[in-house]
Amino acid sequence: MTTDLASAVTTPLHRPGSDRGWWGPLGAAVCCALGVAMVCVMFVWTPGGQRIDDELIPGPELSASLFDPAVTGLRLVGNPLHVAVFVAGLALVGLVTRRIPMAMAGVAVLLGSIGLARLLKTWIVRPDLDLIGSTVHNSFPSGHVAAAAGMVFAVALLLRPRYRVMVLLPGAVGVAVTIGATMVAGWHRLSDGLGAVLVAGTLYSLAVAIDRVISPNREGLQ
C-alpha cells in the first residue's frame with residue numbers, strides 16, 4: 001500500500017498526446033457553481049425548500065444521543081490550528097514529492113472554500129416565509145463542511161488523476177459524516193452541507209482546469 005501511494009504521487013503518468021483538455025474541468029466548475037445557486041434558490045428562498053430542510057433535521061432523541069461526538073468531530077475539522085497544521089502538511093508533502101504547484105493549488109482550494117463559504121453566509125439572506133418553526137438565521141453554506149471537502153480535494157490534487165479516486169471515494173464518506181454531524185449538532189441544514197461541497201468542488205475543478213492551461217504538455221503534473 002505504501003508503494004502504491006508513493007507511486008501515485010511521484011510516478012509521471014502523462015503521455016504525449018494524452019487528453020489534458022481544460023474544458024472538461026472548467027465545465028465541471030461551472031456546473032458546481034450553478035449547483036450552489038440552485039441549492040440556495042430551492043432550499044433557502046422557497047417555502048417548500050425551507051420546509052424540506054426543516055423536516056430533515058434529526059429528531060431530539062437522535063440529536064441527544066449523538067450530540068457530543070458530533071460536536072467533538074466538528075471541532076476537530078473547524079479548529080484553525082488543525083487547518084494550519086493540515087496546510088503545513090500539504091506544503092511539506094508537495095516539497096518532498098516535487099509537486100509544489102499542486103500543493104499550492106490544494107492550499108488555495110482549502111482556504112478558498114472556507115473563505116468563500118463565510119462570504120456567502122454573510123451575503124445570502126434567508127427570507128421569512130411564514131413557516132412554523134423556521135427561522136431567518138442563514139447558515140448556508142456550512143463552513144465546517146467546506147473545510148472538510150476542501151481538505152479532501154486538496155489531498156486529491158497531490159495525486160495523479162489515476163489515483164485520485166483513492167482519496168475522493170473515502171473522502172466523500174467523511175464529508176457525508178461531517179454533514180450529518182452538523183445537522184445532529186443543530187448547526188446546519190442539509191442544504192448548507194450540499195452547498196458547501198459544491199463550493200469546494202467549484203474551486204477544485206478550477207484548479208485542475210488552470211493547471212491544464214498552464215502546463216498542457218508538461219509531464220508529471222497531472
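Every number in this text was worked out from the coordinates using simple rules, so none of it is lab data. If you're wondering where the values come from, they're calculated on a predicted model, not measured in any experiment. Neighbour counts run over all protein chains shown; Cβ positions are idealised from the backbone, glycine included.
Key figures for this structure:
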read-out	value
THR135-TRP23 pseudo-label distance in nm [points 7 Å out on the Cα-to-Cβ vector]	4.7
Total charge dipole magnitude, the chain, about the Cα centre, Cβ charges on Lys, Arg, Asp, Glu only, Debye to nearest 20	940
Residue-span extension gain [LEU34 to ALA176] - 0.36 nm each, minus C-alpha spacing	49.0 nm
Helical segments meeting 27 Å axial Cα length and Kyte-Doolittle 0.5 threshold in the chain (DSSP H)	100-123, 165-184, 190-214
Reduced Cα scattering model of region 71-176, Debye log10 I(q)/I(0), q = 0.12, 0.14, 0.19, 0.20 Å⁻¹	-0.48, -0.62, -0.97, -1.03
Lys/Arg +1, Asp/Glu -1 at C-beta; the chain dipole; positive extreme among PRO58, ALA146, LEU190	ALA146
